[in-house]
Amino acid sequence: MAININKVGVIGAGTMGAGIAGQVANAGIEVVLLDLPSNGDDVNYLSNRGLERLNNPEMPGLISEEAWSKIYTGNTRDDLHKLADCDWVAEAIVEKLSLKQSLYRELIDCCGNNTIITSNTSTIPIALLTKGLPDSFCRRFAITHFFNPVRFMRLLELVRGQKTTDEVIASLNHFSEVRLGKGVILCEDRPGFLANRVGVFAIQCALNVAFDMDLSPSEADAVFGRPLGFPKTGVFGLYDLIGIDLMVDVANSLVNILPKDDPFHKYSKTNQFVVNMIAKGQTGNKNNKGFYRGIGSEREVIDFITGEYVTLNRVKSKLLEDSEKIGIKMLLQDSGMYGQFAWKVLSEVLSYACSLLPEVTGNPADIDDAMKLGYNWTKGPFEILDNIGHSYFINRLKNDNRPIPKFLQSSIKKSYYNVSGKHLQALQANGKYAPIKHSKDVLRFSELRQTLNAENSNSVASWYEYKGAAIVEFHSKANALDWGSIDILNDAICEAEKRSLKGVIIHNDSQHFSCGVSLWSVRECFEINDYKKLDEFLKHFQSTMSLMRNSNLPIISAPVGMSLGGGFEVVLHTDQVIANTNSVMGLVESFVGLVPAGGGCKEILYRWNEKLGDPKKAAWNAFMNIGLGKVANSPIEAEKLALVNSSDSFHINRDHMLGIAISKLGKVSKTPKKGTLKLTGKDHFEEMKFWLEKNLSKGFLTKHDKTVGTEIARIVTGGECAEGTLITEQELFDAERESFLRLAKSPQTQARIVSMLDLGQTTRN
C-alpha cells in the first residue's frame, strides 16, 4: 500500500536542503525547513538564509510566489515537533555520521511511526547510517540523493537498505517522479552510487590531465565541454560552479570509501595549485574567485604560471567546432594537443564506466541515464562507446598498452543499444539484451526516435510519425533555427494535412527547445551584403508561422529548457503549449540589436490587447516586454507576461510531456484567426521615444538601445500613423521584417552580433 506524501520536512537549509524544500514547494506541497538555531534576534537565521538562497535570479529555486508561501522555516531546537505530521522527512545536514545518527534518534521520538526518513548523503552507506537504530526505523529509511541545483537537475538516485520496505521505495519512487519531476534511478548501496562515481572521476581525471599537459583552464574547458558532449562549463568551470573547496571535499570523501584498487585513487590527490587557491579564499563562483572571475562585464581566467588573473580569450579552434558538429571521433583521431587531451580523458572515463559492471550495476543504461540526468551529458559513456566504435576504442587501448575492461572485452561484437521490433534494448552485464523500461507515463523522445524512421530530415531538424502525430525535432547547436529548421517544420505540417494525421507536435529531448534564429545565418548575410537573402528567410519564417496558425490540424509545442527569440516565436504560434515547469521563455532579440521578426511583436501585441482590452496599455506592455527582453523563468511567470495563455498547461516532469502532448491532440481547439488591431498612433509613439531618451540620459540605456527601442515602438504603435488606424496580422509581420532589416544593416547591430558569436557576450554600444 502506497504512502501518500502530503507534507514534507527538510532538515538542513544549506544549498541542497533548501533546494529540496524549494522543489517540494514547487509541487504545491507544504514543507517545513529546519536548521540549527542561531544566536541573536533571528533564531531561525540559517533556515531563513536557506530560503533566501532560492531567490538567486540567475538560478531561481522557486517557480512562483505561491511556492514561496508553502515553505515554513524553523530550527531543530524549538521546532522538531512540527515534523510530527510530516509524511516524509529528508535529512540534508553535513556529512558527519555521528551528527546524522544523533538526529535520527531525535526523529524517532518526534515523527510518526509511518513517517519516511531519508538522507541526501552521497558518501555514507545505509548500513552505517542506520547502525544501532531499531528495525522499525530501518524499515522506513532510504537514501534520496538529489543533484544541485535541485529544481533543474533531473536525477534522483534512490537507494534502499537491507531492511527498507518495498512500500517505502515504491512511494518515494512515485512521488519523486510524479510530484517532484525527477528521473529516478534505483541504485545499489555502493560508494558514490552511479552519477558521482563516474562524474567525479571524470572531473578529477580531466583536471589532473590538464595540469599534466600544461593546458590553461580555457583550453581544457573548450575540449572537455561541448565537443565531447559535456556541459559548456568544462572541468574548471564546473569546479567553480560546485565550489573548489567542496569539490575537494567530495573527492576526499570518495577516497575514504572506495576500494583501494579503484582507479579513482589515481586522480584523487588534490593538486597543490588548487590547495593554494583554497588557502587564498579562491573557492569558485560563490565568491567570484575561482579559476574564472567576472570583472564588470569582462571575464578573467587564472594563469597557472603566475597565479594572477588575465583577460579571458575564447579558444577558437576549427577542430573543436567541427567535432561538435560532426562527432567525437573526429576529435579523438586528431594528433594535436586537443585531440591528445580528449583521448586521455575520455578513454579513462569510458574504461572506468565499463569497470563498474557488474559489481556496481548490471545495466549500463542506468549509468548512461545517471550521467545525462545528473551531469547534463548529451550521451552517456556507453552511448559514446557505441558512437565511436568498440573495436576502435579497444585497439587504441591496446596501442597504449592499457588494460581492457572485462565488460568491454566481452561485448566487443555487440552494441550496447539496439532495437528489437519497436523497442529499444540495452545490453546487460549478463550478456543479454533487455528492453529499457520506465514508468507508464515516461516517454523520452531521445529513446523513441531510435525506434522510428524519419519522414524527412536534414542536418538541423527532422520529423517523425508516431501514433498518428507528426513530431518535429530541432537538433542543431542550441537548436538555433535556420532555413533547414523551417523547411522541416513546413514539410511536417503540409504532409500531416495530406495524410490526415491527428496533428503536429514540436518537441525535443535536448537541454533547450530553441535559443532562437541562428545569428551565424544573419552574420553571413550582412558580411556578404546580401539582405535579399535575409529578407527571403524572414518571409519563409513568417509564412511558416502563418501556416501553423491557419492549418486545420492542431499544432502543439512541448518546450523544455530555453525557448528564446525565434524559438519562442515558434511556441507563440502553436495552438497549445505544454510546457515544463522549468521552461524559460522570452523575446530577447533586443540584446543583439534586433527585433522579433517571426511574428513575436505581433503576437505579444495581440495578447496584451486580449488580456487588457486597452490598446494603449497593451502597446506599452508589449513595448516594455520586447524592448527590455523580459524573460520568464517559469510558465507561471510567462502567463503574467502574456507569453502563454491560461489555456496552456505546464508539467513538472519533462519526461511526461510528450505523452501528454500526444493525448491532447484530439482535444485541442484551433486558435481563432486574428482580426485587425487598433494602433495607438503618433502621440503614443512619441511618448515611447521620450521614455527612451530619458533613460538614455540617465545611463540606463545605450544609444543603440534607443535605436532598437524606437523600432519596437514603431511596430507596436504604428509610428507616424493616426490613433485608431487599423492594422492586419500580415501588416504587423511586414512591419517586423522592415525593422529587422533596418537594424541588421546598422554597424551597431552587426558589432553586437559579432561580439556575441566571437566572445559570447554582446557589446554595449
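At-a-glance table
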read-out: Top-ranked residue of region 112-160 - restricted to ones that are aromatic (Phe, Trp, Tyr) and not in a loop (DSSP other than H, G, I, E, B), ranked as nearest to ASN582 (Cα to Cα); value: PHE146
read-out: Candidate set from region 238-272 (those that are among the hydrophobic types (A, V, I, L, M, F, W, C) and either assigned by TED's automatic domain parsing to the domain that holds VAL94 or touching a strand residue (DSSP E or B) at 6+ places or on another chain (Cβ under 9 Å) (or both)); member that is surrounded by the fewest Cβ atoms within 10 Å (Cβ to Cβ); value: LEU246
read-out: Flag if ASP334 is more than 17 Å from PHE224 (Cβ to Cβ) and acidic (Asp, Glu); value: no
read-out: Subset tally (residues that are part of a loop (DSSP other than H, G, I, E, B), of a type in the set (Ser, Thr, Tyr) and either in contact with a strand residue (DSSP E or B) (Cβ under 6 Å, 6 or more places away or on another chain) or under 16 Å from CYS111 (Cα atoms) (or both)) for region 51-100; value: 1
read-out: Candidate set: region 273-317, residues that are touching a strand residue (DSSP E or B) at 6+ places or on another chain (Cβ under 7 Å) and free of Cβ contacts under 8 Å to residues at least 12 places away in the same chain; chosen: the one nearest to ASP758 (Cα to Cα); value: VAL310
read-out: Qualifying residue in region 305-320 (condition: in the same structural domain as ALA222 (by TED's automatic domain parsing), surrounded by 14 or more Cβ atoms within 10 Å (Cβ to Cβ) and part of a helix (DSSP H, G or I)); value: yes
read-out: Number of the exception - THR717 against (1) more than 27 Å from ARG549 (Cα to Cα); (2) touching a Gly at 6+ places or on another chain (Cβ under 8 Å); value: (1)
read-out: Subset of region 320-345 [touching a helix residue (DSSP H, G or I) at 6+ places or on another chain (Cβ under 7 Å), touching a residue at least 40 places away in the same chain (Cβ under 8 Å) and closer than 16 Å to GLU219 by Cα]; value: LEU320, SER323, GLU324, LEU331, LEU332, TYR338, PHE341, ALA342, TRP343, LYS344, VAL345
read-out: Enumeration of residues in region 649-673 that are part of a loop (DSSP other than H, G, I, E, B) and surrounded by fewer than 19 Cβ atoms within 10 Å (Cβ to Cβ); value: SER669, LYS670, THR671, PRO672, LYS673
read-out: Positions within region 61-75 being among the β-branched types (Val, Ile, Thr) and at pLDDT 95 or above, in sequence order; value: ILE71, THR73
read-out: Within region 455-568, strands (runs of 3 or more DSSP E) holding 3 or more residues that are farther than 28 Å from ALA632 by Cα; value: 461-466
read-out: Residues of region 161-202 satisfying the condition of being more than 25 Å from ILE652 (Cα to Cα) and either assigned to a strand (DSSP E or B) or of a type in the set (A, V, I, L, M) (or both); value: VAL198, VAL200, ALA202
read-out: Filtered residue count, region 360-399, keeping only those that are part of a loop (DSSP other than H, G, I, E, B) and under 22 Å from ILE203 (Cβ atoms); value: 7
read-out: Selection count, region 623-639, where residues are in contact with a helix residue (DSSP H, G or I) (Cβ under 6 Å, 6 or more places away or on another chain) and within 17 Å of GLU686 (Cβ to Cβ); value: 2
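Okay, residues lined up against (1) touching a Lys or Arg at 6+ places or on another chain (Cβ under 8 Å); (2) in the same structural domain as SER634 (by TED's automatic domain parsing); (3) crowded, with 19+ Cβ neighbours inside 10 Å:
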site	(1), (2), (3)
LEU33	no, no, yes
ASN44	no, no, yes
HIS81	no, no, no
ALA84	no, no, no
GLU91	yes, no, yes
ARG105	no, no, no
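The values are calculated or read from the model by the stated rules, or taken from the named source; none is laboratory data. All values reported here derive from a predicted model rather than from experimental measurement. All Cβ positions, glycine included, derive from the backbone under ideal geometry; neighbour counts span all protein chains shown.
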